[in-house]
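Worksheet: the structure to be examined is printed underneath.
The values are calculated or read from the model by the stated rules, or taken from the named source; none is laboratory data. Quick caveat, the model's predicted, so the values are computed rather than measured. Positions of Cβ are backbone-derived with ideal geometry, glycine not excepted, and every protein chain shown enters the neighbour counts.
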Amino acid sequence: TADELELHEAFATLGRYSLIDLPPMRQGQTPPFFSVHRLVQEVIRERLSDEEREKAIEAAVHQVANATPENIDDDPSSWPVTNALLPHAIAVLQHADPHAKNSESAAHSTEASDATTLPIHPKACSYLLNQFGLYQTALAQFAAAEPFHRRALSIDEQFYGTEHPHIAIDLTNLAQVLRATNNLVEAERLLRRALTIDEQFYGNSHPAFGRELSNLAQLLCDMDRLNEAEPHMRQALAINEQHYEAAYPEVAANLNNLAALLLETGRLAEAEPLMRRVVAIIEETLDADHPHLATCLGNLALLLGDLNRTAEAETLMRRALTIDKKLYGNDHPKVAIDISNLALLLQATNRSAEAEPLMRRAWEILHASLGPEHPNTRTVAKNLRLLLEAMGREQ
């Protein structure tokens, strides 16, 4: 059409003068995207009135928020799109949020909850901060994720008040980052606050309350407070079994957490049927390379190892490792835990020569990603030292 011809000519002219950058494409093809030269951007911005500038920023924030996937933490297939959107999210947040001053990350300049000026389009900004914080958490980029979640919490507390269910979600997201970085005391405080909010808003039989109970129970397990954790886990499971079908991922997650606790407390006979039920649910309802499946396979493998059914345990461990490597790459803490568990199994089956490079690799990953003082790093370092001593070697 005439309009399309004019559009193609306009793109071609702007490209010739280097005012925009275009991707490689066939003649006459409309570009799927283009970037505007920084100086052109600056000139356009300078010519905008304050009202025009605010409207443009609001539109940009809204567009990026609409393009951002929703279930980032549970849907690895969304990660390539999320990664491509990340620099755009940071850019629009820098313009929308007066507390986003750092050129590398829109959230790195925030100061927890003392920033009192709301950004343009606060709901969309909070959504972007939370979603990209979840993405960075999934990739174990915890130092980047934490300020995103702190700023989202600050915005939502000003926008909704301190007792709104959105605040419970923000608190939980931040607590999960703190849990991963071993800041367990603050994480517990945040999760208990989230639990109180959801109980007051939904009551104590709602799935949202059950979710917070489950999160708190997992944290208590990390703190070796297993006697406190177990009743929370069983209550969360009962809530979800009332609200969902038996073969539902939420129910499977509760069963998996309870089975892991039973394994930790030596109740293997009770744990095994739960774990096998979990694997069956996950295989039926989620993709074959879903991270939840890798977690459940790994837990079942640990149980089978304790029952001395090492051949089946090794098969499941290698399957879990393959899934996690595909999802996270070779340098993620989850991959390190998989490798460490496999190394321990190999050591237990008199294959120390195979186990040693794996255990060393697990330690290297954890040392680089979580630091030398993280409990997981210290545990693997101890296991490596004991393995080398058993082999008559020095670390």
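Is it the case that some residue within segment 2-19 is assigned to a loop (DSSP other than H, G, I, E, B), farther than 17 Å from residue 91 by Cβ and modelled with pLDDT under 75?
yes
Would you check which residues across segment 240-261 are part of a helix (DSSP H, G or I), more than 18 Å from residue 291 (Cα to Cα) and at pLDDT below 95 and list them?
Those that are part of a helix (DSSP H, G or I), more than 18 Å from residue 291 (Cα to Cα) and at pLDDT below 95: 240, 241, 242, 243.
Just name the residue that is surrounded by the fewest Cβ atoms within 10 Å (Cβ to Cβ) out of those in segment 324-377 that are under 20 Å from residue 145 (Cα atoms) and touching an Asp or Glu at 6+ places or on another chain (Cβ under 6 Å).
So, considering only residues that are under 20 Å from residue 145 (Cα atoms) and touching an Asp or Glu at 6+ places or on another chain (Cβ under 6 Å), the one surrounded by the fewest Cβ atoms within 10 Å (Cβ to Cβ) is 334.
Residues are listed down the side, and each one gets a yes or a no for (1) closer than 24 Å to residue 279 by Cα; (2) under 27 Å from the mean Cα position of the chain (by Cα):
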{"residue": "302", "(1), (2)": "yes, yes"}
{"residue": "305", "(1), (2)": "yes, no"}
{"residue": "310", "(1), (2)": "yes, no"}
{"residue": "357", "(1), (2)": "no, no"}
{"residue": "366", "(1), (2)": "no, yes"}
{"residue": "377", "(1), (2)": "no, yes"}
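Which of the residues belonging to segment 193-238 are part of a loop (DSSP other than H, G, I, E, B) and among the hydroxyl-bearing types (Ser, Thr, Tyr)?
Listed by number, the list holds a single entry, 205.
Taking the options 175, 168, 217, 187, name whichever one is over 24 Å from residue 80 (Cα atoms) and more than 18 Å from the chain's Cα centre (by Cα).
217
Do you know which residues across segment 306-318 are modelled with pLDDT of 95 or more, assigned to a helix (DSSP H, G or I) and within 22 Å of residue 258 (Cα to Cα)?
312, 313, 316, 317
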